[in-house]
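*Asks:* Sending over a structure as structure tokens; questions will come in a sec.
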Ligand code: NOJ
């Protein structure tokens, strides 16, 4: 709250013109992207304009996007071959999940060499070619920065584990265990920290008889950010990629980099949500500011932190513009509303809406937001938040696109959501690839804490593998993802019905609707910089909100249910201009509107 500053309204009409000019300049520019906003730039509704605020981002999970060489694994040449498809959607920025050399314990989130491309994905000249193709199409690229941990096969760790006096020992977090004659190793872990991927966060290493810390898998040892040499290594590798021309970073679990002094045991209360303790270490802000000074401040980049463990109230301390840390973060309150820990739970629309209302209060004009409901760690958008039944899949996917592209914050779309791809019909644990799903099976099912059926049922709803099945390009074998006959993860059997080729030829498809909504956002500064108001927060079925910039007022009406509803607009509203809708309608000027199941409308009023 202390960060909140005065709200400026600053010659909105002329600023509107400027904003339209900015967006147009960017979409039409051929070479140099717009300069970063400076303190002299006019504010728009109190916001300092910036290209990354106006951008729409599309996430690629390279393993699952497009396989060019037929080995069953997506690759960089595959991405390059599909750049026209991505550009056709109208997005501005691609976020590429890790493409670095990795033994793939966690599909690339365990990096062995930060300056080498994963062999399965190609080589550095494939990367350069892909980047050039992105730039030629006037898009930008942000890459994944995974520096809370490395792979245990990274040369730093190989050195580090070799002896206690190795110069790299201090690159990681090593501790003596607690002596326990009954334990097979003679020790218990140094403290009670749990790993996000089940079991203890400590791994005993027989070579030196100490434990190392790993918040994720044992093959993902945590770096010791308190060591200035580690920070320098990270800043150098970031500079390496920026000098190649990438436009910024999505930063993996970045709030976890600073560890609590002395690593004391967690209390029983803290154990319920260890992530909150792992985040917010004593030096997190200091290290992010140091990173900003040493790296980001020298380039015109976009940064977005995966902010596990950071509450909405704490967010301005990372993204506030006077803080000089990150541009924005991902807050998981909305995307995780349907789970308690790792358990799938039901959710209500008023609770969901309250999250966005809180965002609008906590993140003011000086703290930019993101908006997203899917990524490679979450189930499919339409299965999670819409209705993936044959009748409502298309309208509900379009409704969700309407919402994401009209809410506050930079929108992030995940590959395949523009086609309305759905969760996968998993039958047994052998259908899964994800280390989290497999570790959970060992920890919960094999120990009989949970029945196999209950475990699988939960995974069907929330497994990360739902989002990782290959992109469905067409109705040929393996959905056109690979020319081989064995993709690394099975293709969803619904690919003959749901695929890009079909949607590209259908003017009423989810792809074309998403394209239209992206174009609307680009042409409408009110949808980027406008103020947000939830008009009917307690309604259990209708999400209705306004985005307002000066005299430009938009009303977004979303029927989050399959039932048709006659809905009397609050406050005597009778909007007369329909901007767009996901189901053909021409209803304007009415006090009571008739919404069909999963209908979405955008009015100007
Ligand atoms: C968050 C990433 O999104 C996820 O995929 C990964 O497993 C963990 N961080 C560990 O890097």
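*Asks:* Just one of 507, 490, 501 is part of a helix (DSSP H, G or I) and either surrounded by fewer than 18 Cβ atoms within 10 Å (Cβ to Cβ) or touching a strand residue (DSSP E or B) at 6+ places or on another chain (Cβ under 8 Å) (or both); which is it?
*Replies:* Numbers: 507 fails: part of a helix (DSSP H, G or I); 490 fails: part of a helix (DSSP H, G or I).
Answer to the selection: 501.
*Asks:* Could you tell me which of the residues 535, 518, 542, 556 is at pLDDT 95 or above, farther than 28 Å from residue 64 by Cβ, under 24 Å from the mean Cα position of the chain (by Cα) and surrounded by 17 or more Cβ atoms within 10 Å (Cβ to Cβ)?
*Replies:* On the way: 535 fails: under 24 Å from the mean Cα position of the chain (by Cα); 518 fails: farther than 28 Å from residue 64 by Cβ; 542 fails: under 24 Å from the mean Cα position of the chain (by Cα).
Only one candidate passes the filter, namely 556.
*Asks:* Now for a different question. Among residues belonging to region 474-487 that are touching a residue at least 24 places away in the same chain (Cβ under 8 Å) and crowded, with 21+ Cβ neighbours inside 10 Å, point out the one that is nearest to residue 82 (Cα to Cα).
*Replies:* My answer is 481.
*Asks:* Something else about it: For region 187-218, how many residues are buried (at least 19 other Cβ atoms within 10 Å of the Cβ) and within 23 Å of the chain's Cα centre (by Cα)?
*Replies:* Of the residues in that region, 7 qualify.
Here's the yes/no breakdown for (1) within 16 Å of the ligand (Cβ to nearest atom); (2) closer than 13 Å to residue 301 by Cα; (3) in contact with a strand residue (DSSP E or B) (Cβ under 8 Å, 6 or more places away or on another chain):
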| site | (1), (2), (3) |
| --- | --- |
| 238 | no, yes, yes |
| 243 | no, yes, no |
| 246 | no, yes, yes |
| 252 | yes, no, yes |
| 258 | no, no, no |
| 263 | no, no, yes |
| 269 | no, no, no |
| 273 | no, no, no |
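*Asks:* Give me the strands (runs of 3 or more DSSP E) completely within region 59-178, filtered to those with at least 3 residues that are more than 16 Å from the ligand (Cβ to nearest atom) and surrounded by fewer than 24 Cβ atoms within 10 Å (Cβ to Cβ), ordered by residue number. Break it down into steps so the answer makes sense when it comes.
*Replies:* Numbers: elements: 93-96, 113-117, 140-145.
It comes to 113-117.
*Asks:* So residue 356 fits all but one of (1) assigned to a loop (DSSP other than H, G, I, E, B); (2) within 27 Å of residue 578 (Cβ to Cβ); what number is the exception?
*Replies:* Unmet for residue 356, out of (1) assigned to a loop (DSSP other than H, G, I, E, B); (2) within 27 Å of residue 578 (Cβ to Cβ): (1).
*Asks:* I want to confirm something. Restricting to region 250-267 and keeping residues that are touching a residue at least 24 places away in the same chain (Cβ under 8 Å) and in contact with a helix residue (DSSP H, G or I) (Cβ under 7 Å, 6 or more places away or on another chain), which single residue is farthest from residue 227 (Cα to Cα)?
*Replies:* At the first step, the residues of region 250-267 found to be touching a residue at least 24 places away in the same chain (Cβ under 8 Å) are 250-259, 263-266.
Next, from what is left, pick out any that are in contact with a helix residue (DSSP H, G or I) (Cβ under 7 Å, 6 or more places away or on another chain): 255-258, 266.
Numbers: 255: 17, 256: 15, 257: 11, 258: 11, 266: 24 Å.
By that ranking, first place goes to 266.
*Asks:* Here is a follow-up. Quick one: is residue 382 away from the ligand (no atom under 16 Å from the Cβ), buried (at least 23 other Cβ atoms within 10 Å of the Cβ) and outside any loop (DSSP other than H, G, I, E, B)? Even if it seems obvious, please write down each step before you answer.
*Replies:* Details: away from the ligand (no atom under 16 Å from the Cβ): yes; buried (at least 23 other Cβ atoms within 10 Å of the Cβ): yes; outside any loop (DSSP other than H, G, I, E, B): yes.
It is true that residue 382 is away from the ligand (no atom under 16 Å from the Cβ), buried (at least 23 other Cβ atoms within 10 Å of the Cβ) and outside any loop (DSSP other than H, G, I, E, B).
*Asks:* In region 186-200, what residues are over 11 Å from residue 175 (Cβ atoms) and within 16 Å of the ligand (Cβ to nearest atom)? So that I can check it myself, show each step before the final result.
*Replies:* Going residue by residue through region 186-200, those that are over 11 Å from residue 175 (Cβ atoms) are 186, 188, 192, 194-200.
Of everything in region 186-200, those that are over 11 Å from residue 175 (Cβ atoms) and within 16 Å of the ligand (Cβ to nearest atom) turn out to be 194, 195, 196, 197, 198, 199.
*Asks:* Here is a check on your reading of the model: is residue 425 touching a strand residue (DSSP E or B) at 6+ places or on another chain (Cβ under 9 Å) and either touching a residue at least 12 places away in the same chain (Cβ under 8 Å) or surrounded by 24 or more Cβ atoms within 10 Å (Cβ to Cβ) (or both)? Reasoning before the result, please.
*Replies:* On the way: touching a strand residue (DSSP E or B) at 6+ places or on another chain (Cβ under 9 Å): no; either touching a residue at least 12 places away in the same chain (Cβ under 8 Å) or surrounded by 24 or more Cβ atoms within 10 Å (Cβ to Cβ) (or both): yes.
Spelling it out, it is not the case that residue 425 is touching a strand residue (DSSP E or B) at 6+ places or on another chain (Cβ under 9 Å) and either touching a residue at least 12 places away in the same chain (Cβ under 8 Å) or surrounded by 24 or more Cβ atoms within 10 Å (Cβ to Cβ) (or both).
*Asks:* Starting from residues that are part of a loop (DSSP other than H, G, I, E, B) and within 16 Å of the ligand (Cβ to nearest atom), keep the ones in region 294-318 and report whichever is farthest from residue 271 (Cα to Cα).
*Replies:* 307
*Asks:* Of the residues 460, 547, 521, only one is under 16 Å from residue 403 (Cβ atoms) and part of a helix (DSSP H, G or I); which?
*Replies:* Details: 460 fails: under 16 Å from residue 403 (Cβ atoms); 547 fails: part of a helix (DSSP H, G or I).
Answer to the selection: 521.
*Asks:* Which members of region 380-397 meet the condition of being within 27 Å of residue 62 (Cβ to Cβ) and touching a strand residue (DSSP E or B) at 6+ places or on another chain (Cβ under 9 Å)?
*Replies:* Step one: list which residues in region 380-397 are within 27 Å of residue 62 (Cβ to Cβ), which gives 380-386, 388, 393, 397.
Of everything in region 380-397, those that are within 27 Å of residue 62 (Cβ to Cβ) and touching a strand residue (DSSP E or B) at 6+ places or on another chain (Cβ under 9 Å) turn out to be 380, 381.
*Asks:* What is the residue count in region 453-478 for residues that are within 16 Å of the ligand (Cβ to nearest atom) and within 20 Å of residue 501 (Cα to Cα)?
*Replies:* Taking region 453-478 as the starting set, the residues that turn out to be within 16 Å of the ligand (Cβ to nearest atom) are 459, 462-469.
Those still in the list that are within 20 Å of residue 501 (Cα to Cα) too: 467-469.
Looking only at that region, the number is 3.
*Asks:* Can you find a residue that is in contact with a strand residue (DSSP E or B) (Cβ under 7 Å, 6 or more places away or on another chain) and closer than 20 Å to residue 279 by Cβ anywhere in region 174-189? Can you show your working first?
*Replies:* Applying the first criterion (in contact with a strand residue (DSSP E or B) (Cβ under 7 Å, 6 or more places away or on another chain)) to region 174-189 yields 174-180, 185-189.
Filter once more, keeping what is closer than 20 Å to residue 279 by Cβ: none.
Checked against the condition, which is being in contact with a strand residue (DSSP E or B) (Cβ under 7 Å, 6 or more places away or on another chain) and closer than 20 Å to residue 279 by Cβ, region 174-189 yields no hits at all.
*Asks:* Looking at region 386-403, is at least one residue at pLDDT 95 or above, assigned by TED's automatic domain parsing to the domain that holds residue 338 and under 18 Å from residue 548 (Cα atoms)? Don't jump to the end; show me each part of the working.
*Replies:* At the first step, the residues of region 386-403 found to be at pLDDT 95 or above are 386-403.
Next, from what is left, pick out any that are assigned by TED's automatic domain parsing to the domain that holds residue 338: 386-403.
Next, from what is left, pick out any that are under 18 Å from residue 548 (Cα atoms): 402-403.
Checking region 386-403: at least one residue is at pLDDT 95 or above, assigned by TED's automatic domain parsing to the domain that holds residue 338 and under 18 Å from residue 548 (Cα atoms).
*Asks:* Within 16 Å of the ligand (Cβ to nearest atom) and either buried (at least 22 other Cβ atoms within 10 Å of the Cβ) or assigned to a loop (DSSP other than H, G, I, E, B) (or both): does that describe residue 387? Outline the logic, then answer.
*Replies:* Working: within 16 Å of the ligand (Cβ to nearest atom): no; either buried (at least 22 other Cβ atoms within 10 Å of the Cβ) or assigned to a loop (DSSP other than H, G, I, E, B) (or both): yes.
It is false that residue 387 is within 16 Å of the ligand (Cβ to nearest atom) and either buried (at least 22 other Cβ atoms within 10 Å of the Cβ) or assigned to a loop (DSSP other than H, G, I, E, B) (or both).
*Asks:* Return yes or no: is residue 183 more than 15 Å from the ligand (Cβ to nearest atom), surrounded by fewer than 19 Cβ atoms within 10 Å (Cβ to Cβ), assigned to a loop (DSSP other than H, G, I, E, B) and in contact (Cβ under 8 Å) with a residue 24 or more places away in the chain?
*Replies:* Values: more than 15 Å from the ligand (Cβ to nearest atom): yes; surrounded by fewer than 19 Cβ atoms within 10 Å (Cβ to Cβ): yes; assigned to a loop (DSSP other than H, G, I, E, B): yes; in contact (Cβ under 8 Å) with a residue 24 or more places away in the chain: no.
So residue 183 fails the test.
*Asks:* Continuing with the same structure: Kindly evaluate residue 293 against the criterion of being without any contact (Cβ under 8 Å) to a residue 60 or more places away in the chain and closer than 25 Å to residue 98 by Cα.
*Replies:* Details: without any contact (Cβ under 8 Å) to a residue 60 or more places away in the chain: yes; closer than 25 Å to residue 98 by Cα: yes.
Spelling it out, residue 293 is indeed without any contact (Cβ under 8 Å) to a residue 60 or more places away in the chain and closer than 25 Å to residue 98 by Cα.
*Asks:* Let me ask something else about it. Tally time: how many residues in region 222-243 are more than 23 Å from the chain's Cα centre (by Cα) and within 17 Å of residue 169 (Cβ to Cβ)?
*Replies:* 10
*Asks:* Which condition from (1) surrounded by 15 or more Cβ atoms within 10 Å (Cβ to Cβ); (2) touching a residue at least 40 places away in the same chain (Cβ under 8 Å) is the one that residue 240 breaks?
*Replies:* Answer for residue 240: the failing condition is (1).
*Asks:* Now, a different point. Test of understanding: among 359, 376, which residue is more than 16 Å from the ligand (Cβ to nearest atom) and assigned by TED's automatic domain parsing to the domain that holds residue 91? Show your work before the answer.
*Replies:* Values: 376 fails: more than 16 Å from the ligand (Cβ to nearest atom).
359 is the lone residue from the list that is more than 16 Å from the ligand (Cβ to nearest atom) and assigned by TED's automatic domain parsing to the domain that holds residue 91.
*Asks:* Quick one: residue 438 ticks every box in (1) without any contact (Cβ under 8 Å) to a residue 12 or more places away in the chain; (2) away from the ligand (no atom under 16 Å from the Cβ) except a single one, so which number is it?
*Replies:* The one condition residue 438 does not meet is (2).
The values are calculated or read from the model by the stated rules, or taken from the named source; none is laboratory data. Just so you know, these numbers come straight off a predicted model, no measurement behind them. Cβ atoms come from the backbone with ideal geometry, glycine included; neighbour counts cover every protein chain shown.
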